[in-house]
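Colleague: My questions all concern the structure below.
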Amino acid sequence: MKVLLIGPHSRKEDAERSFMAPALGVIRLAGYLNAKGHEAEAFDPNLPMLTGAGESFEEALAKKEWDFIGFSVLEETLLKDFQNMYTARRQCPKATLIAGGIEAQFNYQTVLDKSPCEYVILSEGETALLDLVNGMPVHKIKGIVFKSNALPLSQELFNEATATINWEDNPYEEYWDYYLSKYNNKATAENIQEICTVRVFSRNRCPIGCKFCSSTNQITWGADAAVPVISATEDMLIHTIKRIMNAHPRVKTIYLTDDDFCINRRSVIRFCQKVVEEDFGDLSFMCFARASDLTDDMCAWMKKANFRRLNVGIESFSGKVLEEMNKRCDPVKNHAGLAMLKRHHIKAFTNIILTTPGTTLDDIQVTLDGAMQYVDDPNYHVGVTLAVKPLKGTEFNEQHCNFLSAVEPVEGTRYHIRRDDIVLCDDPQAREFQLRYWYTIDDAISEEIDRSDIRHAVASNLSLFKLRYAAFLVEEIRGRAGKPTALRDYQMLGLDEFGEKLEKMPYHERQTIDIPETTGGITHPSSSGGNKSVHGSF
Ligand code: SF4
């Protein structure tokens, strides 16, 4: 087999600053393959880059019809190595591309997801590379990682798989009884309706593409292809509901958990018409919706079908923030959708996310003001989330790196896992808001729960408190209270030394230097303490 092995490709300025030398890793591998009867060559792209002489990378690719092209990858050369891989893919479409080296081993998901390489060789590469080049079946090769893109379900397979859910054997009653026991026989009809719920889904993915959500990307990125939205038919949904009611007669609510059940207006109306025809008695329905998908005729039919609540992903009342999220909705539509639901006597659970990477205190204020219009109205529940969580598979995770993170041990092993809790704001004042909320909200809410005798602390009975607390922080940071940052809060954050210095600063300086910063980041205790804010999180 003809094998070309490429050394890590440094940036020119880095190569100029150091003493480059022949790439021994790929030279050794090429020597080993040649000794085993293959035709292998090593190529160092740094030398022609530095000297401007000799064979270029493109010429090396064109020299033979290579069967395999391997790339040695280091952390500092990753981007240029990726560019070389894409050049090789274009120039040598028939060659199998492979990566190895320290960065490829420890970051193989990035290599396999984002480069055209099909295999990553682990550790010393000689045996795995030889086995691969010799044609050994890949599942028998030791020390190799490969990714095989998923095959998305067709409509037929989706229907078949969905029909195989064994609704009859699911132990719903055990879950329901656990939550009912919290009420000590004092559960109201409303509590029972909320608890005795069965979740049903009918769609494979959401096509909207909000940057904080992975729903759009899971199946498409897994398949590395465009995947159509597939939905169960209305008849299938009705059949499923009948099975659930027969097997679990205590069920009071069917919760349609598709990320955006209302995206297809005609389908929703058809479903509601069938529910009305079937007459399921006091069975109620809940679902997710985007405000901009709601129409008056759809809401009227949903009311007739006994939809009692819609979970509406409002996220923000700031147009700028909604645009940053790629929510494809604006504040006017958010307000209009909520008003429409109230007109049709359908309750709305709205979720708001107070901060995104580009959020400022003004944006937070706009969203708090918007949310305050609904929080006292019994037709609405307002769930409050501090910030975007950089979930893997989301655009915010891909495009940002300033996260509040912590490291947690995997008990009983030598491993640790890094947990990214929130994306920090670019704006220093908004970032201070995030950190103060994150580190103080749990204690503040615990005190409130004790004071108010709240038994089951769901978002709906905590939201007013959260909004008021957030508004208090915004106001204090802005300095409306005449004292922008209270010393006691820095003491709570374990930042009392900074707080004391701050107290001595002139007032106008405090407005700009309100979070202790180190070069390139914020000093905060998250990663050392592993603290996780329950009420600051999703
Ligand atoms: S947040 Fe909702 S609308 Fe946006 S992509 Fe996710 S599921 Fe779709």
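Colleague: Going by average Cβ density within 10 Å per residue, which order do the peptides 87-99, 45-57 take, highest to lowest? Can you show the working numbers first?
Modeller: Values: 87-99: 17.5, 45-57: 14.9.
Put in order of decreasing packing, that is 87-99, 45-57.
Colleague: Evaluate the relative contact order of the chain (contact order divided by residue number), counting alpha-carbon pairs under 8 angstrom at least 6 apart; express in whole percent. Could you put the intermediate results ahead of the total?
Modeller: Values: 872 pairs, mean separation 45.0, N = 538.
Relative contact order for the chain comes out at 8 percent.
Colleague: Now for a different question. Could you name the lysines whose alpha carbon sits less than 26 Å from that of Lys182, not counting residues in the same chain fewer than 8 places away?
Modeller: Candidates past the 8-residue exclusion: Lys252, Lys347, Lys466, Lys532.
Colleague: Are any of the pairs Lys186/Lys392; Lys80/Lys147; Lys303/Lys392 more than 31 Å apart by Cα-Cα distance, and if so, which?
Modeller: Over 31 Å Cα-Cα: Lys186/Lys392; Lys303/Lys392.
Colleague: Run through segment 140-241 and list the trypsin sites (Lys or Arg not before Pro) located in a DSSP loop whose Cβ has at most 14 other Cβ atoms within 10 Å.
Modeller: Lys142, Lys182, Lys186
Colleague: Could I ask something else about it? Per the chain: cysteines with no other Cys C-beta under 4.7 angstrom?
Modeller: Flagged as lacking a Cys partner: Cys92, Cys117, Cys196, Cys206, Cys262, Cys272, Cys287, Cys299, Cys329, Cys401, Cys425.
Colleague: Cut-off under 19 Å on the C-alpha distance; same-chain residues fewer than 8 positions from Lys142 excluded. Which lysines are left, in chain and number order?
Modeller: Lys36
Colleague: Write out the GluC sites (Glu not before Pro) in segment 59-141 meeting two conditions: DSSP loop, and at most 10 other Cβ atoms within 10 Å of their Cβ.
Modeller: Values: sites: Glu59, Glu65, Glu75, Glu76, Glu103, Glu118, Glu124, Glu126; in loops: Glu65, Glu118, Glu124.
Sites meeting the loop and neighbour criteria: Glu65.
Colleague: DSSP beta bridges in the chain, what fraction antiparallel, as a percent rounded to 5? All intermediate terms of the calculation are to be shown ahead of the outcome.
Modeller: Values: 13 of 54 bridges.
If I count the DSSP bridges inside the chain, around 25 percent turn out antiparallel.
Colleague: Using a 1.4 angstrom probe, figure out how much accessible area the chain has per residue, in square angstrom, rounded to the nearest whole.
Modeller: Per-residue value: 50 Å².
Colleague: Lys63: which aspartates and glutamates have alpha carbons under 14 Å from its alpha carbon, excluding same-chain residues fewer than 8 sequence positions away?
Modeller: Glu39, Glu41, Glu55
Colleague: Continuing with this model, one more query. Given a 1.4 angstrom probe, I'd like the percentage of the accessible area of the chain that is carbon and sulfur, rounded to a whole number.
Modeller: Carbon with sulfur: 52 percent of the solvent-accessible area.
The values are calculated or read from the model by the stated rules, or taken from the named source; none is laboratory data. Given the structure is predicted, the values throughout are model-derived calculations rather than measurements. Neighbour counts run over all protein chains shown; Cβ positions are idealised from the backbone, glycine included. The accessibility values were calculated without ligands, DNA or RNA, using every heavy atom of the protein model including side chains. Shrake-Rupley method; radii C 1.70, N 1.55, O 1.52, S 1.80 Å.
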